[in-house]
Amino acid sequence: MGQKSSGQEPDSERRTGQEAFRGRAPVAAAGGSPSQEQVVAWRRRALDQQLPAAGFPAGSGKPSLVYLWSTMVLAAALVLGFAVHSQRAVPPAVIDSQQDNVLKVASSMRLTINHSIEDLDERVAGRPPSMPDAEFVKQLVGNGTDWSGVAIVENASRRPLATAGTGVPFGQLPPVLPDKDTIPITTDDGPALVRSSKLDDARTLLAVQPINVDELRLNPTARQGVFVITPDGKSTLMQGVSAVSEVHLPVVFRNLAQSGSSEGHAIRVTEWPDKQLVVSSAPVGETGATVATLIVADETGGTSTLQGFLLGLTLLALAVPGFLLMRLAVVRPVRSLLQQARANACGDTSTKRHWLGVAEAHRIARALAFTSGDLSAPSAPRRWWRWRWRPTATLVLSLATVAALLWPAAAAGYTLRTAQPSIPDQLVRDEESRAEAASTVMGKALNNGLQTVVRISQATEAGDPAQMTPVLEHEMADKNRFRGLYILGQNGSVISSAGRDPLRNEPLRGESGIDLDNQTSRVPVVYAWRVATNGVAVVGEFNIDYLLEMLRAVDGQVRVVDEDLRTVFDSQGFRAFQELEGTARAAAAEALRGGTVGMAKTPAGAPALIAAAGLNKPNTVAPLKWSLVVEQDLAGLRLPQSDGRRWTLLVAGLATGGVLLSQVWQYFVFARPLRRLATEADRINDGSVEQPIPPQRHDDIGALAMCLEICRQVRHTGSSRLGGATRLRGAEEDLTIVLPEVPQPPDADRAASPPGDGADHRPDDRDERG
């Protein structure tokens, strides 16, 4: 926005008057006077130097054009979005589900391995100096559940000094044994981890642990298989069947072990016309091993390109009426009125009159005709039809808004009424596996906390319980598992503690276990305890955030409920012990009876994706009688039909936003100022021409106000004001007064004013801001 400089006139005006007076006031030819055309052209040049040049975003036609352009972009995006998702392929939701499940399997394996490693490191650090190597390795192997084989070897020669359990595969170990690190290998019995810990400068302890995968709910029709891959590229089938022959597995699993990140993708097989191979993998913590799954998934049709084309075409078709109404409400009336006002402000009453349309434009046009003396204008006060009803700009803009919102409303209504797509069977199976894996992870986390409490309790039997505070503080600082650890005497008083104050109110029942104190309604208190033989009890209250962090890692909403179907934990926020409602309640109740339950529909028949599993692994958590429910939001599933629904709703929302933005823009920037100017025009039509009209804005409305002010000055002072009103300065609300005219000497230079109107034309020195 801005004003045109005095040296930049339009070409048409330059050609009109430049040959006669070269930018100066018209001078009479020998013995004659300038023509009326020359006088009007000179006045127009003077006027154009004062009127603001409306640029973006001030032009009256910009909002409607922006609306039209944005609608065209949205229509193209709508067609493109449907075209991109039109190919036949495995639904992305199936790939996402497989990737999420393999992540949970890897997380569960990591918890088991880390717990075994932590226990091994604790035993190595706490080994009595007098214990012989042979007895120590035998104690580490135990019953072989954690470590199948242990050996102490010389660092230089690798000669075994003491062994227990199965043999250690020395040939697969690196030349230099690391300290406190795990080495993944593949033995004849399957994948395994070797934990290497240096005892001193001459000896190293090597412990072998087979890599096991929790039992999963596999889909036999999809030929699902679970594999473990070691860094050497070797893969071992752990569960299920292999969908491809063993010779092709190195190609399928290429670079998965070295990637170190979770991956999921589909592979097209030439021999399978309507199926694809889906590969998903995830690293098992920092061990270097990778777990992967293979399934054969069905291809499904994508979105309809024709439907997208029809939606885009109807969007453009229904946008045209709204665009035209916007032009009729603001653009055409303002431009036509401005053209008429510029002519009236220059004394040109021969300009062809244009259709004005809205009531505000007609009110301003009557004021222009009244002040300029143009009684030939159709809007002059003498015309009887000037009182005819005409719509206001706000009314026409409201109609434009309704017309422009027809498509978003129709598209959203049609999309929401369309039935949601059915859930593929593979997703139901994966949801069941997800619920089982989440319950297993939760069970392992609780059991690991119990084992920590048991280890501390065993230490209290051999020492003074009152001196166990450093041990408790070490456990609190090393892990975020507990919110508080404390030791109780035989009378129930706290002997030593670490962490926050206890919240448990219920008495301990039995020798050891995990329990829930539901007497504290503010938060659920889950705790593990063990009562030693000397009557001293160790209690650890679990950190709620630690347990919720595991639930939040699961895709979807995860809730843990007790046997009364009250909420214990919820990954999306909850009130403790709130009753579980809806379809999830039925699934949780079924899971409490045993097994895993998956649902693809609600009892009313609507699509749903819910699975529930009992929390019964390992056996130490079974007495809790908890059930874990996983529920997916169907709107987030990447199914082709859902993609079309989401894309349509997104475009409808953006179209609605574009309509509202353009209409608010036009209303506040043009319609309201035009209405205020029409109010000023009504005052002039009533015969009051003493009060100046402020320019208000540096746009089309401001230029229109300036032209009306010139005409008002002409009516008030005389024709010397035509084409030469000085713009008022300051704010619109500033006080304005009219000063008396300053007389001019009779022999003043008349070359600066057109002699055709019989008065001097000079800058307005009477209007000043006070």
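The values are calculated or read from the model by the stated rules, or taken from the named source; none is laboratory data. Given the structure is predicted, the values throughout are model-derived calculations rather than measurements. Heads up, the Cβs are rebuilt from the backbone with ideal geometry, glycines too, and the neighbour counts pull from every protein chain shown.
Among the conditions (1) under 43 Å from the mean Cα position of the chain (by Cα); (2) surrounded by 15 or more Cβ atoms within 10 Å (Cβ to Cβ), R500 misses just one, which is (2).
Exactly one residue among G723, G687 is over 30 Å from L405 (Cα atoms), in the same structural domain as G59 (by TED's automatic domain parsing), among the small types (G, A, S) and at pLDDT 65 or above, and that residue is G687. Tell me, which residue of the stretch 312-341 that is among the small types (G, A, S) and more than 11 Å from W407 (Cβ to Cβ) is surrounded by the most Cβ atoms within 10 Å (Cβ to Cβ)? My answer is A329. Reported count of residues in the stretch 633-662, each being outside any helix (DSSP H, G or I) and touching a helix residue (DSSP H, G or I) at 6+ places or on another chain (Cβ under 9 Å), is 3. Considering only residues in the stretch 110-137 that are among the hydrophobic types (A, V, I, L, M, F, W, C) and over 20 Å from T290 (Cβ atoms), the one that is nearest to the chain's Cα centre (by Cα) turns out to be L120. The set of residues from the stretch 637-659 being hydrophobic (A, V, I, L, M, F, W, C) and free of Cβ contacts under 8 Å to residues at least 60 places away in the same chain comprises just one member, L650. Annotation: of all residues in the stretch 286-337 being among the small types (G, A, S) and closer than 25 Å to M72 by Cβ, the one that is farthest from the chain's Cα centre (by Cα) is A329. Screening the stretch 260-285 for residues that are touching a residue at least 24 places away in the same chain (Cβ under 8 Å) and farther than 20 Å from P92 by Cα and picking the one that is surrounded by the fewest Cβ atoms within 10 Å (Cβ to Cβ) gives G285. In summary, F136 fulfils each of the numbered conditions (1) buried (at least 19 other Cβ atoms within 10 Å of the Cβ); (2) at positive phi with the single exception of condition (2).
Here is a yes/no grid of residues against (1) under 37 Å from the mean Cα position of the chain (by Cα); (2) on the phi > 0 side of the Ramachandran plot:
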residue	(1), (2)
V536	no, no
G540	no, no
R575	yes, no
G594	no, yes
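Just wondering, is there one or more residues in the stretch 478-493 that are in contact with a Lys or Arg (Cβ under 9 Å, 6 or more places away or on another chain) and either within 30 Å of D633 (Cβ to Cβ) or surrounded by fewer than 17 Cβ atoms within 10 Å (Cβ to Cβ) (or both)? The answer is no; no qualifying residue exists. Do we have any residue at all in the stretch 245-256 that's of a type outside the set (F, W, Y) and in contact with a helix residue (DSSP H, G or I) (Cβ under 7 Å, 6 or more places away or on another chain)? No; the residues of the stretch 245-256 include none that is of a type outside the set (F, W, Y) and in contact with a helix residue (DSSP H, G or I) (Cβ under 7 Å, 6 or more places away or on another chain). Scanning the stretch 556-590 for residues that are part of a helix (DSSP H, G or I), under 23 Å from E215 (Cα atoms) and in contact (Cβ under 8 Å) with a residue 40 or more places away in the chain yields A587, A588.
Per-residue answers, yes or no, for (1) under 20 Å from N616 (Cα atoms); (2) at pLDDT 90 or above:
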residue	(1), (2)
R504	no, no
R509	yes, no
G513	yes, yes
S521	no, no
Y527	yes, yes
T533	no, no
G540	no, yes
L547	yes, yes
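Evaluate the following for R585: is it at pLDDT 90 or above and over 29 Å from the mean Cα position of the chain (by Cα)? Yes: the conditions hold for R585. Inspect the stretch 93-109 for any residue being over 31 Å from the mean Cα position of the chain (by Cα) and closer than 30 Å to L294 by Cα and give the result as yes or no. Within the stretch 93-109, one or more residues are over 31 Å from the mean Cα position of the chain (by Cα) and closer than 30 Å to L294 by Cα.
Any residue at all in the stretch 132-139 that's in contact with a Leu (Cβ under 8 Å, 6 or more places away or on another chain) and part of a loop (DSSP other than H, G, I, E, B)? Looking through the stretch 132-139, none of the residues is in contact with a Leu (Cβ under 8 Å, 6 or more places away or on another chain) and part of a loop (DSSP other than H, G, I, E, B).
Scanning the stretch 208-235 for residues that are of a type in the set (V, I, T), over 36 Å from the mean Cα position of the chain (by Cα) and under 20 Å from I117 (Cβ atoms) turns up V208, I211, T230.
Does the stretch 465-485 contain any residue that is in contact with a strand residue (DSSP E or B) (Cβ under 9 Å, 6 or more places away or on another chain) and assigned to a loop (DSSP other than H, G, I, E, B)? Yes, there is a match, as at least one residue in the stretch 465-485 is in contact with a strand residue (DSSP E or B) (Cβ under 9 Å, 6 or more places away or on another chain) and assigned to a loop (DSSP other than H, G, I, E, B). Can Q239 be described as buried (at least 22 other Cβ atoms within 10 Å of the Cβ), at pLDDT 90 or above and at negative phi? Spelling it out, it is not the case that Q239 is buried (at least 22 other Cβ atoms within 10 Å of the Cβ), at pLDDT 90 or above and at negative phi.
Of the residues I693, I684, only one is over 44 Å from the mean Cα position of the chain (by Cα), free of Cβ contacts under 8 Å to residues at least 60 places away in the same chain and surrounded by 22 or more Cβ atoms within 10 Å (Cβ to Cβ); which?
Going through I693, I684 in turn, the sole match is I693.
Restricting attention to the stretch 384-425 and to residues that are over 30 Å from A678 (Cα atoms) and in contact with a Ser or Thr (Cβ under 7 Å, 6 or more places away or on another chain), the residue that is modelled with the lowest pLDDT turns out to be P421. The C-beta contact set for the stretch 451-463 (first residue closer than 24 Å to I117 by Cβ, second residue among the β-branched types (V, I, T), distance under 7 angstrom, 6+ apart or interchain) comprises V453/V538; I456/V471; I456/V538; S457/V538; A459/V471.
The condition of being in a loop (DSSP other than H, G, I, E, B) and either surrounded by 14 or more Cβ atoms within 10 Å (Cβ to Cβ) or out of contact with any strand residue (DSSP E or B) (no Cβ under 6 Å at 6 or more places or on another chain) (or both) holds for only one of Q426, Q451, Q420, that being Q420.
Is there a residue in the stretch 161-171 that is surrounded by 12 or more Cβ atoms within 10 Å (Cβ to Cβ), assigned to a loop (DSSP other than H, G, I, E, B), among the β-branched types (V, I, T) and in the same structural domain as E118 (by TED's automatic domain parsing)? Looking for residues that are surrounded by 12 or more Cβ atoms within 10 Å (Cβ to Cβ), assigned to a loop (DSSP other than H, G, I, E, B), among the β-branched types (V, I, T) and in the same structural domain as E118 (by TED's automatic domain parsing), one finds at least one in the stretch 161-171, hence yes.
Given the condition modelled with pLDDT of 90 or more and at positive phi, answer yes or no: does some residue in the stretch 220-229 qualify? Yes: one or more hits. Being part of a strand (DSSP E or B) and buried (at least 20 other Cβ atoms within 10 Å of the Cβ) is the filter here; which residues of the stretch 297-311 pass it? Correct list: A297 only.
On the stretch given as the stretch 619-648, residues that are closer than 20 Å to R217 by Cα and surrounded by 14 or more Cβ atoms within 10 Å (Cβ to Cβ) total 8. Restricting attention to the stretch 178-205, the residues being outside any strand (DSSP E or B) and either not assigned by TED's automatic domain parsing to the domain that holds S157 or not hydrophobic (A, V, I, L, M, F, W, C) (or both) number 7.
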